[in-house]
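Okay, structure first, notes after.
The values are calculated or read from the model by the stated rules, or taken from the named source; none is laboratory data. Since the model is a prediction, treat every value here as computed from it, not as a measurement. Virtual Cβ from ideal backbone geometry, glycine too; neighbours counted across all protein chains shown. Calculation scope for accessible area: heavy atoms of the full protein, side chains included, ligands and nucleic acids excluded. Shrake-Rupley method; radii C 1.70, N 1.55, O 1.52, S 1.80 Å.
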Amino acid sequence: MRINLHRRRSRQSVTIPAVTVAPVTLPVAPAVPRTRTLALGFIAPFLGWIIAQDWIGGLAALLLWAIWYFLPPIEGPPVHSLALTFQWLQVCLGVYYWGVFQRPLETVTQSDYRVMVLLGLGCVAALWLALVLSLGAERRQARYELTRPAVAVRLQTLLSAYLVLVGAMGFIHAVAWRLPLLTQGILALSFLRLVCLYLLFRRLSAGRIEWGKLGPLLAFEMLLGFTGFFAGFREPLMLFALALFERFDARRLRHWAAVGVAGVAAFLAGLLWMSIRTPYRSDFQIDSFAASRSERIEKIGDLSREWLGSNREELLIDLDSLVDRLWAVYYPALAVARVPEVLPHENGRILWGAVRHILMPRLFFPNKPSLPSDSEMVRKYSGKWVAGEEQGTSIAFGYAAESYVDFGVPLMFLPVFLWGLVLGRIYAKLRHLILHRELAVGLTTVVVWMSLYIFERSWIKNLGFSLTLVIYLGGAVFLIDRFLFAERRRLRGARIG
């Protein structure tokens, strides 16, 4: 069966019967009329300027339009566009918030935030340009996947694999931390759960959205995320949004409603988390609480009920905290004000240290020093004494601030551009390696999203985490893919024989 997955103009779903699986309807992303999106390119800067009451808001809105207009997905969801949008949000959110609400955020009152916002927009634009170029080259290549199977396994098998991985999460993490030489690789394998989760979201939203199954699955994942130490509900929400965006048609009201539901859920979850995370995390010092998920669920329930009783001013304070947390420019802005006036540029020392670190895998260099805390860099370059390893935490600094400290303007954008080219090639190579199109989409979606969506991640973590995902998670999916393909051929041969 020859399958054309590049028919982007079709509004129809493609029903693909596989040899060993039941017929499955997979989504084909409908095309938004380009005349309409092109018109938005003229309107967006004016709207952004009016909302933010600052010309930077207009420039940021133009970049956001370009991200979505020039980065249409090749196959699967618009993961590159959504990841860059999340970075864009971390750079610009406070500008619009200040323009609309005039709330006195710490970043606005205590830093020259506008300079750092412009530098952050420059970094996002460098990534965007690199991805436009690298993915454009991928689009012009031959349609090599036309003869490859679209579906890997039955829905029941996919659900079983997901449940097994959920049940094994505790064991996987325990084993990972007991084997320090393999910790990062084993933890990367735990992202197989996210691949399965995304494929479940994708299957259940193909054709007619099955809210009766999607809702409980998303609620379960968010509950798991809330009962962790960090905001683990974020990734399931974003994967759910990606599954919806893959089949999004701007001309259908119910598609806007589905995306709206995802957006409201993400907003409320973030607002709730900012309110309850401090009292919730304080109980993690109690061993019985940290070991008991039921106690954590009960604690989340109690704190959530208290939050629902909050008055308007308390909710606005929580909203301020959420914006301040997402708007990741405060400490970088302080660093930009001090470099090079107080401290000199590092001339590539930070980036070279990150490259050298990832070229020395701990498996072969067991005595390699541990990763330095981001808080140490924040303390040095921003001049602020922030919480660090002594308090069991780390304050993020981010690759953009590191690039500025390393090289200054304009050279700081060059390594960001090169990193975007690398991510584009990683995406292309993974697409070529995985034979089943469904597995290829699931793997590339998780790898690209996890590698690209965080603005405040340092170079050393960006490079190391992405490489680990490609090697371990990509390797695991590659082996699964080849096993399923060989099994498919064996059964086909047996049937013919």
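Sorted largest first by accessible area at a 1.4 angstrom probe radius, with every protein chain in place, the residues Lys368, Lys380 fall in the order Lys380, Lys368. Assuming charge only on the beta carbon of Lys and Arg (+1) and of Asp and Glu (-1), the dipole of the chain about its Cα centre is about 2760 debye to the nearest 20. Extension gain for Lys368 to Gln53 (0.36 nm times residue separation, less C-alpha to C-alpha distance): 108.4 nm.
Computed from Cα atoms, the angle from the helix 349-358 axis to the main principal axis of the chain rounds to 30 degrees.
Looking at the range 210-308, I'd like the Rg to Rh ratio, where Rg is from alpha-carbon atoms and Rh is Kirkwood's inverse mean 1/r.
Details: Rg = 15.4 Å, Rh = 14.7 Å.
Checking Rg against Rh, the ratio lands at 1.05.
Dipole check for the range 200-272: with +1 at the C-beta of Lys and Arg, -1 at the C-beta of Asp and Glu, and the Cα centre as origin, the magnitude is about 320 Debye.
Pairs of Cα atoms in the range 64-125 fall into 5 Å distance bins, from 0 up to the last occupied one, in shares of 4, 16, 24, 19, 15, 11, 7, 3, 1 percent.
A dipole drawn for the range 126-234 from +1 and -1 charges on Cβ atoms has a positive end, and of Phe171, Leu218, Leu181 the residue lying farthest that way is Leu218. Across the range 355-497, Cα-Cα distances exceeding 25 Å account for 45% of all pairs.
For Cα pairs less than 8 Å apart in space and 6+ apart in sequence, what is the mean separation divided by the residue count of the chain, i.e. the relative contact order in percent? Before the final figure, lay out each step's value.
On the way: 622 pairs, mean separation 110.6, N = 497.
The value is 22 percent.
Farthest towards the positive end of the charge dipole of the range 27-140, among the residues Ala60, Thr109, Trp98, is the Cα of Ala60, using unit charges on the Cβ of Lys, Arg, Asp and Glu.
Suppose every Lys and Arg Cβ carries +1 and every Asp and Glu Cβ carries -1, with no other charges. What dipole size does the range 133-289 come out with about its Cα centre, to the nearest 20 debye?
Numbers: 18 positive and 9 negative charges, 131 e Å.
Computed charge dipole of the range 133-289: roughly 620 debye.
Using bins of 5 Å that start at zero, the share of Cα-Cα pairs per bin across the range 296-401 amounts to 2, 9, 13, 15, 15, 14, 10, 9, 6, 5, 1, 0, in whole %. Ordering of 458-467, 193-202 by packing is 193-202, 458-467, highest average first (other Cβ atoms within 10 Å, averaged per residue). So what's the angle, to the nearest 10 degrees on a 0 to 90 scale, between helix 459-468 and the longest Cα principal axis of the chain? On a 0 to 90 degree scale, this one is about 20.
Accessible area per residue (1.4 Å probe, heavy atoms of protein chains only) ranks Phe267, Phe413 as Phe267, Phe413, with the largest value leading.
Start at zero, step by 5 Å, and the Cα-Cα distances of the range 244-370 spread as 2, 8, 10, 10, 10, 11, 13, 15, 12, 8, 2, 0 percent across the bins. With 0.36 nm allotted per residue and the present C-alpha distance subtracted, the Arg281-Arg148 stretch has 43.1 nm of extension available.
Normalised radius of gyration for the range 107-234, please: alpha carbon Rg relative to 2.2 N^0.38 Å, two decimal places.
Details: Rg = 20.5 Å, N = 128, 2.2 N^0.38 = 13.9 Å.
With N residues counted in the range 107-234, Rg over 2.2 N^0.38 Å equals 1.47.
With 26 Å as the limit on Cα-Cα distance, the pairs of Lys299/Lys380; Lys368/Lys429; Lys380/Lys461; Lys213/Lys461 that go past it are Lys299/Lys380; Lys368/Lys429; Lys213/Lys461.
More than 13 angstrom separation, counting every C-alpha pair in the range 319-362; what % is that? Considering the range 319-362, 70 percent of its Cα-Cα pairs are separated by more than 13 Å. Ordered from highest to lowest accessible area with the whole protein assembly present and a 1.4 Å probe, His173, His357 read as His173, His357.
Once you divide the Cα radius of gyration of the chain by 2.2 N^0.38 Å, the number left is 0.99. Packing, as the average of other Cβ atoms within 10 Å across residues, places the peptides 338-350, 39-51, 427-439 in the order 427-439, 39-51, 338-350, highest first.
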